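Reviewing the structure listed below.
Just so it is clear, none of the values below were taken in a lab; they were calculated from the coordinates. Quick caveat: nothing in here was measured; it's all calculated off a predicted structure. Cβ placement follows ideal geometry from the backbone for every residue including glycine, while neighbour counts extend to all protein chains displayed.
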Amino acid sequence: MDHPRAVGARRPRRIDDDLRSPQLNAAPADQIRLLDVQELDTRLAQLDHRRANLPEHAELRKLTNQLDQQRDFLVAAETEVGDTAREQTKAEQDVDQVRRRAERDQQRLDSGMVTSPKDLESLQSEIASLAKRQDNLENVVLEIMERHEAATERAAEMASAVEGLEKTGVELTKRRDAATTEIDADAEKARRERDAVARTIPEALLALYDKLRAQHGGVGAAKLYQKRCEGCRLELNITEVNEVRAAASDAVVRCENCRRILVRTPESGL
């Protein structure tokens, strides 16, 4: 029955495992230059992460949401401005219509052409009713005017808020673009340096490094420092140290635990 390996324990050694990649050798200087490539690849990854996580990105997303909301408020306020303007026009037309009718009735009454007491009483009653109707309609006009003015003020406030947010967006975009340009320039410089160093490394060694880097979170080669792999941060046991110590100087050594290329330096502690 198989027993689960304890958390943090080293993976058991397989019969076909070896600290050296089969038939792969490279001059110590080439292997050390591989650390330079790794450093530059790490730098490029850091720049990519920085580019993707610029604070301006989050600020612009937040600002976009605020702008969308403010623009909705502005549309609603402008719609209300238009609606109340039409209501006011209609109400004022109703007032004018009642006023003109009352003026005609008053002219008839003042002309003396209506002599029948019954007709006079009816005309006077209609004039009084029209006056009351006009007063009510004028109150309606005043109420609509107040709503129209309030809507106009809200629309102006919303328009000002939108304008302010848009200006902020322009500034944020400039800052983001400037930061991105700076990062891109640093990345381009690092890529050129990386390519220059990579061209001096044997093709087979570089291919192995690239393969391992893709498999192990962007780190394909690590320094052996004081008997510890700087890739997985685990110290080699005595057997592994002896095997590395016994390996030829041009042998491409692999970490027993993380399987990354293990580059020996004067600081390896062997």
All-pairs alpha carbon distance profile, segment 42-102, 5 Å steps from 0, percent
4, 14, 9, 10, 9, 8, 7, 7, 6, 5, 5, 4, 4, 3, 2, 2, 1, 0
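For the chain, give me the percentage of DSSP beta bridges that are antiparallel, rounded to the nearest 5 percent. List each step's numbers first, then the result.
Details: 7 of 11 bridges.
In the chain, DSSP labels about 65 percent of beta bridges as antiparallel.
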Under 5 Å, built H, 5+ apart or other chain: amide partners of Lys227:
Gly269
Counting each DSSP H run of 4 or more residues in the chain as -39500 (n - 2.57), what helix-only mean residue ellipticity at 222 nm follows after dividing by all residues, to the nearest 500 deg cm²/dmol?
-25500 deg cm²/dmol
Listed values [x] 1.59; [y] 0.99; [z] 1.06, entry calculated as Rg/Rh (Cα atoms, Kirkwood Rh)
[x]
Taking the number of other C-beta atoms within 10 Å as the exposure measure, put Val170, Val162 in order starting with the fewest.
Val170, Val162
Apply 1/(1 + (r/R0)^6) to the Cβ-Cβ distance of Glu138 and Thr115, taking R0 = 25 Å, and write down the FRET efficiency to the nearest 0.05.
0.15
With the calculation restricted to Cα positions, what are the radius of gyration and Dmax of segment 55-188 in angstrom?
29.3, 103
GNM flexibility winner over the chain from Arg233, Arg175, Arg104 (Cα, springs under 10 Å)
Arg104
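Lys and Arg at +1, Asp and Glu at -1: add these up for the other residues within a Cβ distance under 14 Å of Glu56 and post the number. List each step's numbers first, then the result.
Details: positive: Arg50, Arg51, Arg61, Lys62, Lys174, Arg175, Arg176; negative: Glu59, Glu171, Asp177, Glu182.
Here the count lands on +3.
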For the chain: lysine pairs under 30 Å (alpha-carbon distance), excluding those fewer than 8 apart on one chain:
9
Which one, Asp184, Asp41, Asp68, has the greatest fluctuation when you compute a Gaussian network model over the chain with C-alpha springs under 10 angstrom?
Asp68
